[in-house]
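Below is one structure; the comments refer to it alone.
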Amino acid sequence: MNRQTLDDLKTQIPLLRFLQAHHWSPARSLSRDRWMGLCPLHEDHKPSFLVDPQRNLFYCYGCGRGGDVIRFVELYHQVTFSQALALLQQWRGTGPLLQQTVRFYQVQLNRHSEAVAYLHQRGVRSPQLIEHMQIGYAPGGCLRGWLTQLGHSLTALRQTGLVTGSGYDAYVHRIVFPLEGNLYGRSISPTAPPHRFLPASKGGLYGWAQVQSCPEVVLVEGLFDYAVLWQAGFRNVTCALGNYLNARQLEQLCDAPRTLYITFDSDGNGSGQKAARELSQTLRQRGLDTRLVRLPEGHDPNSFFRQGGDAQQFQQLLEEAEP
């Protein structure tokens, strides 16, 4: 890329908008329209991350790092300069499209009683939680028409994975959760494959920005596990979207000293607890304090709460967790 192309890319992706799309929120405003907030690059207990929208630059007084949106992507995703450019080019094309898709699915949720009933069946009832997680519903057969009316090409929808090669909505009868550059869809039909993602990385740990500064963090496998814990008042919870963690998720967990409570499924075949033990060993080798939470046999956090467990009982499980 030449200098003009780089400048055009940074102009098309304002730093502040990119940060906010990755769940960064300013804590206070400063003079000359600048903003200060917690740094997403390290464990930050007081706002030290300065964003200057006019100059499209950031600087952290805590970790001493700064630069433009390209430099932020390098640091945040731990990638090379060329990889950062590729991620930004992808986000430039898919970011607004995914945001519009998420908003559309959010509107659909309360229009479909079967979707609300499924959430209630999974123990998700709090309007505050639904808003926090931006939960929506994909009925199918309507997203393509809506997005093409907004000016998105069918080619772009296919490339993103929102529409199949034959032109149909990819997400049909699914509860939808927005992720970092992806969407997770959980089928409400027992005959369809339960899980669906767009053809892209699952990204980092779910909701990491909200728990990064917590000295104790609860790690779960699934988003419905996350949902019932958050709803029960455990705001120090994050989700790996499975029991296999990618390199970025491991780096996030090890970015500062903390105690990690690994709360994977206690399934009958033992795969969840086996994965938890292996993860604990890996993280301990990196110097992290880990504890294995033992749920009743056959349960995950979601089923534990749905079948009568409460916050006090779960807190007891945390206190009894094995080093």
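Assorted remarks:
- Scanning segment 59-76 turns up no residue that is of a type in the set (A, V, I, L, M) and outside any helix (DSSP H, G or I).
- Just one of the numbered conditions (1) under 29 Å from ILE130 (Cβ atoms); (2) out of contact with any helix residue (DSSP H, G or I) (no Cβ under 9 Å at 6 or more places or on another chain); (3) assigned to a helix (DSSP H, G or I) is not true of ASP44: (3).
- Within segment 142-163, tally of residues that are assigned to a loop (DSSP other than H, G, I, E, B) and either under 23 Å from the mean Cα position of the chain (by Cα) or at pLDDT 95 or above (or both): 3
- Residue tally, condition surrounded by fewer than 20 Cβ atoms within 10 Å (Cβ to Cβ) and without any contact (Cβ under 8 Å) to a residue 24 or more places away in the chain, over segment 160-181: 4
- Some residue of segment 234-246 being at pLDDT 95 or above, of a type outside the set (D, E, K, R), over 13 Å from the mean Cα position of the chain (by Cα) and not in a strand (DSSP E or B): yes
- Of note, GLY93 does not satisfy the criterion of being surrounded by fewer than 18 Cβ atoms within 10 Å (Cβ to Cβ) and on the phi > 0 side of the Ramachandran plot.
Every residue, every condition in (1) outside the structural domain of VAL217 (by TED's automatic domain parsing); (2) surrounded by 12 or more Cβ atoms within 10 Å (Cβ to Cβ); (3) more than 15 Å from TYR226 (Cα to Cα), yes or no:
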position: TYR261; (1), (2), (3): no, yes, no
position: PHE264; (1), (2), (3): no, yes, no
position: ASP267; (1), (2), (3): no, yes, yes
position: GLY272; (1), (2), (3): no, yes, yes
position: ASP289; (1), (2), (3): no, yes, yes
position: VAL293; (1), (2), (3): no, yes, no
position: GLN312; (1), (2), (3): no, no, yes
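- Condition met for GLN281 (in a helix (DSSP H, G or I), within 12 Å of the chain's Cα centre (by Cα) and either among the polar types (S, T, N, Q) or not assigned by TED's automatic domain parsing to the domain that holds HIS299 (or both)): no
- Candidates are the residues of segment 35-58 that are closer than 23 Å to SER213 by Cβ and surrounded by fewer than 16 Cβ atoms within 10 Å (Cβ to Cβ); the one that is modelled with the lowest pLDDT is HIS45.
- Counted residues, segment 235-258 - those being more than 16 Å from GLY203 (Cα to Cα) and surrounded by 22 or more Cβ atoms within 10 Å (Cβ to Cβ): 1
- Close pairs from segment 220-239: first under 16 Å from PHE197 (Cβ atoms), partner assigned to a helix (DSSP H, G or I), Cβ under 6 Å, at least 6 apart: PHE224/ASN302; CYS239/LEU223; CYS239/TYR226
- Residues located in segment 180-221, provided they are assigned to a strand (DSSP E or B) and not aromatic (Phe, Trp, Tyr): LEU183, GLY185, ARG186, SER187, HIS195, ARG196, GLU216, VAL217, VAL218, LEU219, VAL220
- Segment 1-33: number of residues that are outside any helix (DSSP H, G or I) and not basic (Lys, Arg): 12
The values are calculated or read from the model by the stated rules, or taken from the named source; none is laboratory data. Everything quoted here is computed from the prediction, not taken from an experiment. Positions of Cβ are backbone-derived with ideal geometry, glycine not excepted, and every protein chain shown enters the neighbour counts.
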